[in-house]
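J.: Dumping the structure here so I can ask a few things about it.
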Amino acid sequence: MAAGDRLNTPGRNRTWLPRMRLPDDAFGSFAETFARFMGTASFIMWMTAFIIAWIVVNQYNSSFLGDPFPFIFLTLLLSLQASYSAPLILLAQNRSEARERVSMEHDRQVAAQSRADMDFLAREIAALRIRINDMPTRDFLRSELRDLVDELGREDDKAAAEAAEDDTEEAAATADAATSTQQRS
């Protein structure tokens, strides 16, 4: 008895055909490529050339391809091509719509993040404007400094006047003391 035929080997299915492992997206990619090709001008020109050649060959030598005037085999070929191309085109459109939906969702998220960033920056700019309005301007600072310089100048003049007055009082007191000393002597 062969090892593959044993009953205690789980999951062993014998098949006559080998297993083909394709990526999950292989058929969808094929469908999109096929749909893109069918939408080109070269496909239409080649298809037109094929149909004209088929008709010409069967019109003049019907024994060569064996399809006389009603061209039933050509009709069968075109119907077969249409029956395969329609689902492939629909599959390609569905994949395209799914990609667009994902792209639109991503764009929506980016727009929401941009909106949140703009709102944050607008609030920050508003806060800065409020702070700037509370800050003194250059002209205000200059006027305050001028007022302080004037006040300090007045205080210096007042202190100088008081010092001069004190000096005159001292001089007067010294002169009074000297006169009183002279009078005593």
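The values are calculated or read from the model by the stated rules, or taken from the named source; none is laboratory data. The structure displayed is predicted, hence computed values, not measured ones. Counting neighbours? That spans all protein chains shown, and the Cβs are built from the backbone with ideal geometry, glycine included.
J.: Considering only the stretch 117-158, state which residues are surrounded by 10 or more Cβ atoms within 10 Å (Cβ to Cβ), over 40 Å from the mean Cα position of the chain (by Cα) and among the charged types (D, E, K, R).
T.: Once the filter is applied, which keeps residues that are surrounded by 10 or more Cβ atoms within 10 Å (Cβ to Cβ), over 40 Å from the mean Cα position of the chain (by Cα) and among the charged types (D, E, K, R), the stretch 117-158 yields Arg142, Glu144, Arg146, Asp147, Asp150, Glu151, Arg154, Glu155, Asp156, Asp157, Lys158.
J.: Could you check the stretch 15-60 and list, in sequence order, the residues that are of a type in the set (Val, Ile, Thr) and either surrounded by 12 or more Cβ atoms within 10 Å (Cβ to Cβ) or in contact with a strand residue (DSSP E or B) (Cβ under 6 Å, 6 or more places away or on another chain) (or both)?
T.: Thr33, Ile51, Ile55, Val57
J.: Starting from the stretch 46-74, take each residue that is free of Cβ contacts under 8 Å to residues at least 24 places away in the same chain and list its partners that are loosely packed, with under 10 Cβ neighbours inside 10 Å and in a helix (DSSP H, G or I), counting only C-beta distances under 7 angstrom and pairs at least six apart or across chains.
T.: Taking only residues 6 or more apart or on different chains, the pairs are Val57/Phe64.
J.: Here's something else I'd like to know. Please tell me if Met104 is within 30 Å of Arg36 (Cα to Cα) and among the hydrophobic types (A, V, I, L, M, F, W, C).
T.: yes
J.: Do we find that Ser114 is at pLDDT 90 or above and surrounded by 10 or more Cβ atoms within 10 Å (Cβ to Cβ) in this structure?
T.: Judged against the criteria, Ser114 is a match.
J.: If you scan the stretch 11-57, which residues turn out to be aromatic (Phe, Trp, Tyr) and closer than 28 Å to Gln93 by Cα? It would help to see each step written out before you state the result.
T.: Going through the stretch 11-57, the residues aromatic (Phe, Trp, Tyr) turn out to be 16, 27, 30, 34, 37, 43, 46, 50, 54.
Passing the criteria: Phe27, Phe30, Phe34, Phe37, Phe43, Trp46, Phe50.
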